[in-house]
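A short write-up of the structure that comes next.
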């Protein structure tokens, strides 16, 4: 039977190469991770500062563009793992991106943990300048792991870009991993 201290649900969707797992916490101390945090992945993660932990919580390694208002690093219980996460609540799209070395013809996997509060909102995911997802009016959620697989590239350097807007709340993102599929 289930313990009363936590409730866990996991769901795998084989739709457009997207899968996600959700954790629900009865208290702020319970963590159920189906996959390791981004630092535990080690050298296979092509992204730098994947958990926004560098230099005491920063966007170091990420290029920001678009609307930067209500975009910040948060700490403590707001983080999925470690001490920090990125928070996005601009009324129009704000972006973070990294350009990474890739192998032409290879496929890559992007994974991140996302928490959402407030609507209307929007999140976009770009890979190699092509929009992979345009999520709108995401409901209030606990941290949920999103995974996009089989992202192809024909370039030796490829940009991965995430965009966020949230008029009445915020998106929290943490543990962003990009690796060979």
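Any read-out appearing in this document is the output of simple, stated calculations on the displayed coordinates, not a laboratory observation. All values reported here derive from a predicted model rather than from experimental measurement. With ideal geometry, Cβ positions are generated from the backbone for all residues, glycine too; neighbour counts draw on all protein chains shown.
Listed by position, the strands (runs of 3 or more DSSP E) contained in the range 102-181 that have at least 1 residues being within 15 Å of residue 45 (Cα to Cα) are 107-117, 141-152, 157-166, 170-180.
Between a first residue in the range 79-107 that is at positive phi and a second residue that is in a strand (DSSP E or B), which pairs have beta carbons less than 9 Å apart while being 6 or more apart in sequence or on different chains? Qualifying pairs under 9 Å: 82/174; 82/175; 105/152.
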